[in-house]
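To keep things clear, I will list the structure first and then write my remarks on it.
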Amino acid sequence: MKAFFSVIREIKKGKGDTVTKILSLTIGMVVGIVVLAYNLSVYSYDRFYEGADEIYRIQEWEIVNGQWEDYNWIIRAPLAPAMADHIPEIESATVVFGQESLEYQKGEDYIQAWTIYADTSFFNVFPRPLYAGNPAEDLVLPGQVFVSAKFAQKMFGDRQAVGQELVTEEGSWIVTGIFETVPENTHLYFDVVR
């Protein structure tokens, strides 16, 4: 108790110095916590995938007038199978054609969902627990899609999602599989895989 009163006396005696020190310490701690939280967030990206440290993404860089201008993570489709055939260390390869937010019709309303276009080996590279369907069989034909459990719940409620039709302005698709919803801390978020 004596030490407490001693600290109070010191604060009263040197008000300016003490306030500056406490303010500096507080700002330093807040900045440190923010930097730590940011780093934890960044380094947690895609870590939920099994074998995350073995997943690589190929990017295409565009050079204009000798300068690196832009990059694109959408690579030509034949590249992944060709690399898998010629590089023995590649266990599995997939092609993702794009990612876009589409509106799916639900009665009179629309529900927005991130949609990617991928081949049948997508879930070999980016494994998610499957509640229904087999990508090797049920994602082969055009018009077949896998949806996240969260999106299936939004669209169909308690009804069975497999076999249901999804409709957008582009056309319609049949749900043939359901996967566990992808966490938000990923570079490739998706609710629908076509």
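Nothing in this text is a laboratory measurement; each read-out follows from the coordinates by a stated rule. Predicted, not measured: the structure shown is a model, and the values here were computed from it. Neighbour counts run over all protein chains shown; Cβ positions are idealised from the backbone, glycine included.
Axis of helix 2-13 versus longest Cα principal axis of the chain: the two differ by about 80°, to the nearest ten degrees. Counting lysine pairs in the chain whose alpha carbons fall under 19 angstrom apart, excluding pairs fewer than 8 residues apart on the same chain, gives 6.
Phi angles across region 130-144 convert, under the Karplus curve 6.51 cos²θ - 1.76 cosθ + 1.60 with θ = phi - 60°, into 3J(HN,Hα) values of 9, 8, 7, x, 10, x, 5, 10, 9, 10, 7, 7, x, x, 9 Hz, Gly and Pro given as x.
The trypsin sites (Lys or Arg not before Pro) of region 51-138 meeting both criteria, a DSSP state outside H, G, I, E and B (loop) and at most 13 other C-beta atoms within 10 angstrom of the site's C-beta, are 57, 76.
Across 23, 166, 36, mean-square fluctuation computed from a Gaussian network of the chain (C-alpha pairs under 10 Å connected) peaks at 23. Cβ-to-Cβ counts within 10 Å put 146, 156, 122, 5 in ascending order as 5, 156, 122, 146, the fewest first. For the residues 22, 87, 58, a GNM of the chain with alpha-carbon springs under 10 Å puts the largest fluctuation on 22. Near residue 70: Cβ cut-off under 13 Å, other residues only, Lys/Arg at +1 and Asp/Glu at -1. The net charge is -3. Globularity index of the chain is 1.57 (Cα radius of gyration / 2.2 N^0.38 Å, N = number of residues). If R0 is taken as 30 Å, the Cβ-Cβ distance between residue 101 and residue 29 corresponds to a FRET efficiency of 0.20.
Of interest is the spacing of the C-alpha centroids, which for region 23-59 and region 164-194 amounts to 27 Å.
The slack between residue 169 and residue 18, meaning 0.36 nm per residue of separation minus the straight C-alpha distance, is 47.9 nm. Shown here for region 12-55: trypsin sites (Lys or Arg not before Pro) in loop regions (DSSP other than H, G, I, E, B) with at most 16 other Cβ atoms within 10 Å, namely 47.
Here the chain carries DSSP beta bridges of which approximately 75% are antiparallel, counting only pairs with both residues inside. Once the Cα atoms are used to define both axes, helix 15-44 deviates from the longest principal axis of the chain by about 20 degrees. If the elastic network links every pair of Cα atoms under 10 Å, which of 160, 144, 67 fluctuates the most in the Gaussian network model of the chain? Sorting by GNM fluctuation, first place goes to 67.
Once the Kirkwood radius over Cα pairs is known for region 92-193, the Stokes-Einstein relation at 10 °C and 1.306 mPa s delivers a diffusion coefficient of 117 µm²/s. Diffusion coefficient (Stokes-Einstein, Kirkwood radius over C-alpha pairs, 37 °C, 0.692 mPa s) for region 2-44: 265 µm²/s, rounded to a whole number.
Using the Cβ atoms and a cut-off under 14 Å, what net charge is assigned to the surroundings of residue 105, where Lys and Arg are +1 and Asp and Glu are -1? Summing Lys and Arg as +1 and Asp and Glu as -1 gives -4.
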